[in-house]
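Working notes, beginning with the structure itself.
Here, each number is a calculation from the coordinates, and none is a lab measurement. Since this is a predicted model, take the numbers as computed values, not measurements. We place every Cβ from the backbone using ideal geometry, glycine too, and count neighbours over all the protein chains shown.
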Amino acid sequence: MNHLESSFTGKNSLWRYIAMLALVLLASNIIGALPLLIASSIKSFSDPQIMSQFSANPNDFSVLGINDNLLLVLMLFPFIAGLVAFALLLKPLHSRSFLATINGTGKIRWKRFLIGASVWMVFMLLYLVIYKQFDPENFTINNKTASLIILALISFLFIPFQATFEEVIFRGYLMQGFSVIIRNRLFPLAMTSVLFALMHSLNPEVKDHGFLTMMPQYLVFGLIFGLVTILDDGIEAALGAHAANNIFLCIMVTHRSSALQTQALFEQHNIYPWTELAGLIVTGILFILILRKIFKWNDFSIIFRRVEKKEMPAQIP
């Protein structure tokens, strides 16, 4: 095993983790927000009412009058800025390479990324087909224009950066960091899943449906991706699934309280959080079982094993 064991290399003082998270958040929320701020300012010059309308409802970006596909790129830019900042700061702060947060070996297992993405994408498609069969009136065609092709291109190009930022921070950096504090796998799994859920607490759907109603979904997502990371000794398969999930939603299904508003193929009119939570749990279990078969995870007891410090192979800078 290498992924969590590699957390003992380099420098691990608590202040370094605090500094890293603070600087990455600053880069994401200041530098990353600049393109959207500039675009909003340009629009406000032509119509001063725009900013007051947007201030009244910060989650409604439609009042800015920006093309939906361009708006998606602007909303994803903070994740790119945060990811770049993290990659630049990791070596000076922790004396570890960026690739060390992927699986601890310095090499990316692209096949695992593609398999994780493909399996999850198939589950998403099946889920949508079944959902539409049972509740067809809840879905209507939202977009049949050529802009859907542009949306697909943007999604496949930019969404992986957003998913990479979240997976590298939670299932990579923080899961490794918590392993240094408490040398087991359950504590990092639990803590990163809770923090992952809390990070999404400001999403529009939380405001619409309630904190206690939506948090279980994000917590289960964190647990699924965390378990896959532990069992596969790296984040590639979880990253692929995360990217596939968000790409699928951007292209195929949108709803009023979606965090990323797009002109997707279908619009879903009513959201049933507890039904979707049950579907997510079933999907997550099947996903792990299928990956177990593909990747030959024969020892699930690894989840309960202590994380031991050991000599690591030389990392590729």
message = Using the Karplus curve 6.51 cos²θ - 1.76 cosθ + 1.60 with θ = phi - 60°, what ³J(HN,Hα) values do you get for each residue of the range 254-260, in whole Hz, with x for Gly and Pro?
response = 10, 8, 4, 9, 5, 5, 10
task = Calculate, for residue 292 and residue 194, the FRET efficiency according to 1/(1 + (r/R0)^6) with r their C-beta to C-beta distance and R0 22 Å; round to the nearest 0.05.
result = 0.30
remark   = Residues whose built amide H sits under 5 Å from the amide H of residue 268, excluding neighbours closer than 5 in sequence, are 254, 255
key: the chain, relative contact order [Cα under 8 Å, separation at least 6], %   = 27 percent
inquiry  = Give the lysines reachable from residue 296 as a straight Cα distance under 21 Å; neighbours fewer than 8 places away on the same chain don't count.
reply    = 107, 111
ask   = Going through the DSSP H helices of the chain, which span 15 Å or more along their own axis at the Cα atoms while scoring at least -1.0 as a mean Kyte-Doolittle hydropathy?
value = 14-26, 34-46, 68-94, 110-134, 147-167, 186-199, 211-232, 236-252, 273-295
request  = Would you mind listing how long the range 198-317 runs along its three principal axes, going by Cα atoms, in whole Å with the largest first?
outcome  = 52, 31, 28
note = Under 5 Å from the placed amide H of residue 95, counting only residues 5+ away or on other chains, we find 11
query = All other residues with a Cβ under 13 Å from the Cβ of residue 95 taken together, and with Lys, Arg as +1 and Asp, Glu as -1, what is their net charge?
reply = +4
query = Can you give the Kirkwood hydrodynamic radius of the range 5-304 from its Cα pairs, in Å with one decimal?
reply = 20.3 Å
query = To the nearest 0.05, how large is the calculated FRET efficiency for residue 282 and residue 144 if R₀ is 41 Å and r is the Cβ-Cβ distance?
reply = 0.85
